[in-house]
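Peer 1: First, the structure itself, so that you have it in front of you.
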Amino acid sequence: MTVAEYINKLLSIEEYAFSISELNQQTTKSEIALKRELSRLVEKKQLINLRKGFYLIIPPRYSNFGILPIELYIDKLFNYLKRDYYIAFYSAAKYHSASHQQIQKEYVITSLPPVYNINKKSINVNIFNASNWPKKNIIKRKSDAGYFNISSPVLTLIDLVHFHRRLGGLSRILLIIKELTESLTKNDISDLLSWYPHKSTIQRTGYLLEEIEVNKILIEPFYNYLQKTKFFPVLLSPRKGQKPGKVNSRWKIDVNIELESDL
């Protein structure tokens, strides 16, 4: 079987990625011959060498864009890397109908040790690392290529708050947070609070939810959680060398930045 024949076989069953080891099991060609054929198909923009030994197939309907939707390959990629993962931040928000802006990059969170970002032609995936892997709140969605992992609405929201400085700041994410609240459920929030380790992020999240005036039913679980433990004053947006001063009494937040959004 040639590489082109193998690609057609995969596309016929809605698979859009493969590894060299999988290819080797389907052909008797020499390593040199395979590399030559793979290189030719990469030059013709029918393949993208996404990671060493791992290729994406770009079928005709995506060839003009030179990009493949992340849900068609992300699960297979991270199985190949033998790592836990979930689609996160702005990328997850769009699956929860909470993306008011076009994103030029995709976002994924994975477990440690670090995995490098992917920047290959039109495919850009920013990969963040979680030091505390979620015990809940990762859900599965189905694509044409099978299932993939994505953060639930509340995990998407709290990840945006936790990593806001690396994502463009709090003002940039406020509208997305507002939109995400339409998909929040009490069970989703309860699951998150059963394991989430960052109290300061819970404080910031509660404060922001009050600021954008979401339903109190969605806010109270965060406040009730904090009341059962000790929590201390924190900056709304952490700054190196800056310590909290006067704080918002309910959430113990020092509002050290001015929030601006399209709300």
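Peer 1: Among residues other than Thr2 whose Cβ falls under 13 Å from its Cβ, what is the net charge (Lys/Arg +1, Asp/Glu -1)?
Peer 2: Summing Lys/Arg as +1 and Asp/Glu as -1 gives +2.
Peer 1: Of the options Ile127, Ser97, Pro69, report the single residue whose Cα projects farthest towards the positive end of the charge dipole of the chain (beta-carbon charges: Lys, Arg +1; Asp, Glu -1).
Peer 2: Positive-most Cα among the choices belongs to Ile127.
Peer 1: Could you tally the net charge around Pro60, taking each other residue with its Cβ under 14 Å from the Cβ of Pro60, Lys/Arg +1 and Asp/Glu -1?
Peer 2: Local charge sum for Pro60: +3.
Peer 1: Counting only Cα, what are the radius of gyration and maximum Cα-Cα distance Dmax of the stretch 1-59, in Å?
Peer 2: 10.3, 28
Peer 1: Mind checking the dipole of the chain: about its Cα centre, +1 per Lys or Arg Cβ, -1 per Asp or Glu Cβ, Debye to the nearest 20?
Peer 2: 820
Peer 1: Between Gly66, Gly245, Gly206, which gets the highest mean-square fluctuation from a Gaussian network model of the chain, Cα cutoff 10 Å?
Peer 2: Gly245
Peer 1: Report P(r) for the chain: all Cα-Cα distances, bin width 10 Å, range 0 to the bin holding the largest distance, values in whole percent.
Peer 2: 6, 27, 29, 18, 12, 6, 1, 0
Peer 1: Pairing the Cα long axis of helix 153-162 with the longest principal axis of the chain, what angle in degrees results, from 0 to 90 and rounded to the nearest 10?
Peer 2: Between helix and principal axis, roughly 70 degrees.
Peer 1: Could I ask something else about it? Say we join alpha carbon atoms closer than 10 Å with springs in a Gaussian network model of the chain; which of Phe78, Phe54, Phe65 then has the biggest fluctuation?
Peer 2: Of Phe78, Phe54, Phe65, the most mobile in the Gaussian network model is Phe65.
Peer 1: Hey, quick one: spin label on Lys230, modelled 7 Å out along Cα-Cβ, who in the stretch 194-210 has an amide N within reach, i.e. under 16 Å?
Peer 2: Flagged as within label range: 199-200.
Peer 1: Between beta-carbons, use under 11 Å as the cut-off and find the net charge around Ala145, counting Lys and Arg +1, Asp and Glu -1.
Peer 2: Around Ala145, the surrounding residues sum to -3.
Peer 1: Working from Cα positions, state the angle (0 to 90°, nearest 10) between the long axis of helix 31-43 and the longest principal axis of the chain.
Peer 2: Once rounded, the angle reads 60 degrees.
Peer 1: Quick one: if you stick a label point 7 Å off each Cα along the C-beta vector at Glu260 and Lys246, how many nm between them?
Peer 2: Taking the two extended label points, one gets 2.3 nm.
Peer 1: Can you list which of the trypsin sites (Lys or Arg not before Pro) found in the stretch 211-252 are DSSP loop residues with at most 11 other C-beta atoms within 10 Å? Provide the component values of the computation, followed by the final result.
Peer 2: Working: sites: Lys216, Lys228, Lys230, Arg239, Lys240, Lys246, Arg250, Lys252; in loops: Lys228, Lys230, Arg239, Lys240, Lys246, Arg250, Lys252.
Passing sites in the stretch 211-252 are Lys228, Lys230, Arg239, Lys240, Lys246.
Peer 1: To test your reading of the geometry: what angle, between 0 and 90 degrees and rounded to tens, separates the Cα axis of helix 3-12 from the longest principal axis of the chain?
Peer 2: 50
Peer 1: Under unit Cβ charges (Lys, Arg +1; Asp, Glu -1), what dipole magnitude, rounded to 20 debye, does the stretch 3-63 have relative to its Cα centre?
Peer 2: On the way: 10 positive and 7 negative charges, 52 e Å.
The dipole of the stretch 3-63 has a size of about 240 debye.
Peer 1: Then there is this: For the stretch 57-146, calculate the relative contact order in percent as a whole number, restricting contacts to Cα pairs under 8 Å that are 6 or more residues apart.
Peer 2: Dividing the mean separation by the residue count of the stretch 57-146 yields 27 percent.
Peer 1: With charges only on Cβ, +1 for K and R and -1 for D and E, what is the dipole size of the stretch 72-175 about its Cα centre, in debye, rounded to 20?
Peer 2: So the magnitude is around 80 debye.
Peer 1: Here's something else I'd like to know. Considering Cα pairs under 8 angstrom that are at least six residues apart, work out the relative contact order of the stretch 1-124 and quote it in whole percent.
Peer 2: Relative contact order comes out at 22 percent.
Peer 1: Extension gain Phe65-Glu14, at 0.36 nm per residue separation less the Cα-Cα distance, in nm?
Peer 2: Full extension from Phe65 to Glu14 adds 16.5 nm.
Peer 1: Here is a follow-up. Using a cut-off of 19 Å between alpha-carbon atoms, which aspartates and glutamates can reach Lys76, once sequence neighbours fewer than 8 places away in the same chain are excluded?
Peer 2: Glu14, Glu15, Glu22, Asp84, Glu106, Asp144
Peer 1: Of Lys45/Lys105; Lys136/Lys246; Lys9/Lys121, which ones are farther than 23 Å apart at the Cα?
Peer 2: Distance filter (> 23 Å) returns Lys136/Lys246; Lys9/Lys121.
Peer 1: Could you work out the relative contact order of the chain, using alpha carbon pairs under 8 angstrom and six or more residues apart, expressed as a whole percent?
Peer 2: 13
Peer 1: I'd like the per residue volume of the convex hull spanned by the Cα atoms of the stretch 151-263, given in cubic angstrom.
Peer 2: That works out to 103 Å³ per residue.
All of the numbers you see were taken from the coordinates with simple rules; none came from a lab. Here the structure is a predicted model, which means the values were calculated and not measured. Reconstructed Cβ throughout: ideal geometry from the backbone, glycine too, with neighbour counts over all protein chains shown.
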